[in-house]
Amino acid sequence: MLRLDFLLRRLFTSLLVVAGVITLAFFVTRMLPSDPARTFAGMRARPEQVEIIRSRLGLDRPLPEQFLRYLSGLAQGDFGNSLVTKRSVSEDLGIFLPATLELILCGFGLALLIGIPAGLLAGASEQSAFDRLTGAAAVVATAAPVFALALLTQQIFFNQLQWLPLNGRLDAEISIGHPVTAISGFLLLDAALTGNWVAWRNGVAHLILPATVVAAYPLAIILRMTRNALVDALGQPHMAVARAKGLPSRTLLLRHALPNAILPVLTLAGLTFAYAITGSVFVEVLFRWPGIGKYMADAIVSKDFPPILAVTLVSTLAFVGVTFCVDLLTAALDPRVRQGR
Amino acid sequence: MSFRPAIWLNILFLAALLVAAIGAPWLTPYAAEGAGTPNLPHKLLPPSWAHLLGTDEMGRDMLARILYGARTSLLLAGLVIGGSVTLGVAVGLAAGAAGGWLDEFAMRITDIFLAFPPLLFAILLVSVLGGGFASAVLALGLAWWPLYAVLVRGQVVRLTGLPFVEAARSIGASPARIARRHLLPNALGPLLVQATVDVGAVILVASGLSFIGLGPQPPAADWGLMINSGRQFVLSGSWWVAGFPSLAILLTALAFATLGDSLRGGRN
């Protein structure tokens with residue numbers, strides 16, 4: 001069982017980081033040697049246009065007041081309004097977030113579902129052809145830019161083979177002929193709930209390429225980490241004892257090596273979540289996926305600060321949350337950590 | 001460490017890349033195009049003997065653009081790594097050597113920086129600074145230094161318990177002298193290995209930054225920028241416009257990562 005004082009201590013440090021992230025994001029953007037209002041207004045803006053942007057961002061007020069407004073806004077889930085569309089950023093996030101979650105959960109799930117078994121297989125057969133092949137593929141995958149992978153898969157599976165759609169979440173004909181009633185915002189879930197299987201199948205086809213590209217980097221890391229952890233665990237003295245006792249290799253692997261190998265993998269899988277988040281920004285741009293990454297990229301093009309800040313904060317806090325959950329899970333599984341030794 | 005040809009292949013490739021980057025203006029007959037001058041009549045030509053890697057949408061020789069892009073990438077990554085190693089060493093050394101509340105404080109601040117995914121943090125900073133080479137360097141440097149602070153601080157704490165540091169202290173060496181003469185040189189090895197691997201990582205992240213338009217601005221030659229402006233021509237068949245810059249990023253990142261791994265003497 002998890003001990004309460006461990007849980008509270010870990011919760012406290014996480015909250016400290018959350019408070020720090022929120023504070024840092026504010027001050028670092030204000031202390032940089034630049035005039036944000038000037039940047040967002042654009043090169044050719046007239047002075048009075050710059051002043052309008054300045055007052056809309058609240059940059060004309062004293063710093064402490066700006067900070068208090070920013071904090072009280074965040075406390076109410078208010079990220080301010082877009083400078084371009086004047087819409088509330090929080091409402092926009094509500095619209096775009098489900099698409100991103102769908103993409104990241106599928107991509108990250110894919111990385112775990114393939115990465116861990118493949119890593120175990122490679123580790124159990126060290127130096128085999130499979131081990132070497134997956135090792136080389138993993139090194140290449142971690143050095144490849146996400147956007148290049150996206151372009152490559154589009155070129156192969158859409159342009160050459162014509163197996164999968166190019167971009168978007170649904171074909172235009174499908175979204176007109178078989179519209180999906182929005183319930184949760186998760187397209188596949190909503191389509192399944194309403195029994196709209198035509199749209200569901202089309203949605204899955206649209207999800208395959210972007211989810212695979214999001215998965216590539218985390219998958220490579222998780223695979224190699226699982227493999228290394230298993231090789232380490234297999235080399236421990238207690239394994240030699242277990243082998244000497246004549247235990248079958250299945251028992252050796254599953255009962256003695258696996259429990260020791262899985263902990264470091266868990267911690268690292270949490271860290272690779274950050275890559276899935278950043279990767280999804282490029283994937284959403286290239287696959288025209290209507291999520292918060294594309295929302296942020298559009299905001300970058302139109303020099304619209306509030307959405308950029310909001311997406312950075314939401315993603316970072318999600319990452320802090322995932323790290324927190326991973327730590328709790330590690331603690332629940334590892335007697336040394338939960339007893340604070 | 002046994003002789004491994006892979007290490008020398010990496011070193012050879014990176015040395016060639018460095019020479020190509022420095023010598024770009026003299027190595028290619030298309031130096032002006034590499035620097036950005038358009039040559040519209042020659043646009044989107046496939047690879048041939050005249051243009052080994054083809055030409056881009058502005059008719060510029062792709063090979064020249066990639067060589068000039070290597071200058072941008074290597075210079076940018078070098079400045080980012082140099083800056084963040086300097087800052088990271090300063091913070092990590094001070095925190096580890098001082099100990100106590102200063103250590104605690106410095107490490108909590110570092111934790112907060114580490115909580116941001118580096119690319120998102122850099123995007124946030126550059127969006128305020130305005131895109132460009134200098135902004136990208138500053139933003140990536142600010143996103144990168146905490147890794148070195150944590151690394152150096154860990155080394156310092158480990159070394160502080162060892163007899164030779166104890167000995168230096170007992171003969172009356174000042175904390176500053178111990179930090180400079182005993183702690184820093186011993187912490188340097190792992191730091192340099194990490195910095196080597198990270199050059200590749202910075203090139204990857206920086207290419208992402210310029211891909212979304214926040215890095216060096218046109219007409220500068222930059223691999224990420226080239227992929228972004230070339231991507232719309234890929235589906236109509238001009239794959240080389242985005243393909244070769246992608247390959248350049250991939251090979252460079254790969255070379256730095258595997259070189260770092262070999263230096264570490266580790267597996268995989």
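Here are the numbers for this structure:
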| quantity | calculated |
| --- | --- |
| Test: residue in region B:153-168 that is part of a helix (DSSP H, G or I), facing chain A (nearest Cβ under 9 Å) and among the hydrophobic types (A, V, I, L, M, F, W, C) | no |
| Residues of region A:38-78 classified as open to solvent by less than 40 Å² (accessible area, probe 1.4 Å), part of a helix (DSSP H, G or I) and under 16 Å from residue B:126 (Cβ atoms), total | 2 |
| Members of region B:44-72 that are among the charged types (D, E, K, R) and crowded, with 17+ Cβ neighbours inside 10 Å | B:56, B:60, B:61, B:65, B:71 |
| Among the residues listed as B:130, B:92, B:100, B:83, the single one being touching a residue at least 24 places away in the same chain (Cβ under 8 Å) and open to solvent by 10 Å² or more (accessible area, probe 1.4 Å) | B:83 |
| Unique residue being within 30 Å of residue A:293 (Cα to Cα) and touching a helix residue (DSSP H, G or I) at 6+ places or on another chain (Cβ under 9 Å) when the list is B:151, B:140, B:159 | B:140 |
| Residue A:305 vs. criteria of a type in the set (Phe, Trp, Tyr), within 11 Å of another protein chain (Cβ to nearest Cβ) and over 15 Å from the mean Cα position of the chain (by Cα) | yes |
| Test: residue in region A:250-259 that is touching a Lys or Arg at 6+ places or on another chain (Cβ under 8 Å) and away from every other protein chain (no Cβ under 11 Å) | yes |
| Filter result for the condition that a residue is buried (at least 20 other Cβ atoms within 10 Å of the Cβ), away from every other protein chain (no Cβ under 14 Å) and either touching a strand residue (DSSP E or B) at 6+ places or on another chain (Cβ under 7 Å) or at pLDDT 90 or above (or both), over A:107, A:119 | A:107 |
| Residue that is nearest to the other protein chains (Cβ to nearest Cβ) [pool: residues in region A:178-230 that are crowded, with 16+ Cβ neighbours inside 10 Å and of a type in the set (S, T, N, Q)] | A:228 |
| Number of the exception - residue B:172 against (1) open to solvent by 20 Å² or more (accessible area, probe 1.4 Å); (2) more than 30 Å from residue A:299 (Cβ to Cβ); (3) assigned to a helix (DSSP H, G or I) | (3) |
| Flag for residue A:133 being away from every other protein chain (no Cβ under 11 Å) and free of Cβ contacts under 8 Å to residues at least 12 places away in the same chain | yes |
| Among the candidates A:53, A:22, residue that is within 14 Å of chain B (Cβ to nearest Cβ), β-branched (Val, Ile, Thr) and within 16 Å of residue A:303 (Cβ to Cβ) | A:53 |
| Residue within region A:63-79 that is among the charged types (D, E, K, R) and at pLDDT below 85 present | no |
| Of residues in region A:308-322 being open to solvent by less than 10 Å² (accessible area, probe 1.4 Å) and more than 7 Å from chain B (Cβ to nearest Cβ), the one farthest from the chain's Cα centre (by Cα) | A:310 |
| Among (1) open to solvent by 10 Å² or more (accessible area, probe 1.4 Å); (2) of a type in the set (Val, Ile, Thr); (3) in contact with a Ser or Thr (Cβ under 9 Å, 6 or more places away or on another chain); (4) more than 9 Å from chain B (Cβ to nearest Cβ), the one test that residue A:277 misses | (4) |
| Yes/no for residue A:150 being in contact with a Phe, Trp or Tyr (Cβ under 9 Å, 6 or more places away or on another chain) and in a helix (DSSP H, G or I) | yes |
| Candidates A:15, A:24, filtered to the one that is within 16 Å of residue A:313 (Cα to Cα), under 24 Å from the mean Cα position of the chain (by Cα) and open to solvent by 70 Å² or more (accessible area, probe 1.4 Å) | A:15 |
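Residue by residue, here is whether (1) modelled with pLDDT of 90 or more; (2) in contact with a Leu (Cβ under 8 Å, 6 or more places away or on another chain); (3) away from chain A (no Cβ under 11 Å) holds:
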| site | (1), (2), (3) |
| --- | --- |
| B:113 | yes, yes, no |
| B:128 | no, yes, no |
| B:131 | no, yes, no |
| B:135 | yes, yes, no |
| B:140 | yes, yes, yes |
| B:143 | yes, yes, no |
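The values are calculated or read from the model by the stated rules, or taken from the named source; none is laboratory data. Note that the coordinates shown come from a computational prediction; the quantities given were computed from them, not determined experimentally. Cβ sites come from the backbone with ideal geometry, for glycine too, and all protein chains shown count toward neighbours. Ligands, DNA and RNA are stripped out before the accessible areas are found, and what is left, the full protein with its side chains, is counted by its heavy atoms. Shrake-Rupley method; radii C 1.70, N 1.55, O 1.52, S 1.80 Å.
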